[in-house]
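Report on the structure given below.
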Amino acid sequence: EYVYGSTRYSKLGDVLAKAYGVQSYEDVLRRELFAPLGMTWRESPYLGAHAGLVTTVHDVSRFVGALQTNELISARSFLTMTTPYTGPHGPL
C-alpha cells in the first residue's frame, strides 16, 4: 500500500542532504542534477523533497533525455521505473 505524506517527503530532503554531505536538499539538486545537465536553477521559495521545484520545459526535456540515455540512472533502473506494476491481482 502506498500512502503519500507531505511530511514524510519533507524529511526525505533532510536525509538526502545529510547523505550527500551538503547543507540542504537544494544543494543536492544543484550538484547532482542541475549542474551536470546544464539546467538553469530558478529560485523556489517552497522547495523541498515534497514540492516546489520550478523549471522550464527545456530543462524538463534535458532531464527526460538524461533518464532515457542512462546519464542519471542505469538502464536497469530506468526499466524498473517505467515498467507498470503488476500486483497479485494483475496490473494496476
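Values for this structure:
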item: Subset of the range 17-32 that is surrounded by 17 or more Cβ atoms within 10 Å (Cβ to Cβ) and touching a residue at least 12 places away in the same chain (Cβ under 8 Å) - its residue that is nearest to the chain's Cα centre (by Cα); result: 29
item: Cβ-Cβ under 6 Å pairs, at least 6 apart or on other chains, the range 61-85 side in contact (Cβ under 8 Å) with a residue 60 or more places away in the chain, far side surrounded by 12 or more Cβ atoms within 10 Å (Cβ to Cβ); result: none
item: Any hit, the range 39-54, residues being of a type in the set (Gly, Ala, Ser) and under 30 Å from residue 87 (Cα atoms); result: yes
item: Scan of the range 34-51 for residues that are under 13 Å from the mean Cα position of the chain (by Cα) and surrounded by 14 or more Cβ atoms within 10 Å (Cβ to Cβ), ordered by number; result: 34, 47, 48, 49, 50
item: Spans of helices (runs of 4 or more DSSP H) in the range 1-89 with at least 1 residues at pLDDT below 90 and in contact with a Gly (Cβ under 8 Å, 6 or more places away or on another chain); result: 6-20, 25-29
item: Residues being open to solvent by 70 Å² or more (accessible area, probe 1.4 Å) and of a type in the set (Val, Ile, Thr) - total across the range 61-74; result: 1
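The values are calculated or read from the model by the stated rules, or taken from the named source; none is laboratory data. Remember, it's a predicted structure, so these values are computed and weren't measured experimentally. Every residue, glycine as well, gets a Cβ built from its backbone with ideal geometry; the counts of neighbours run over all protein chains shown. Each accessible area value is taken on the protein alone, full model and side chains, heavy atoms only, with ligands, DNA and RNA left out. Shrake-Rupley method; radii C 1.70, N 1.55, O 1.52, S 1.80 Å.
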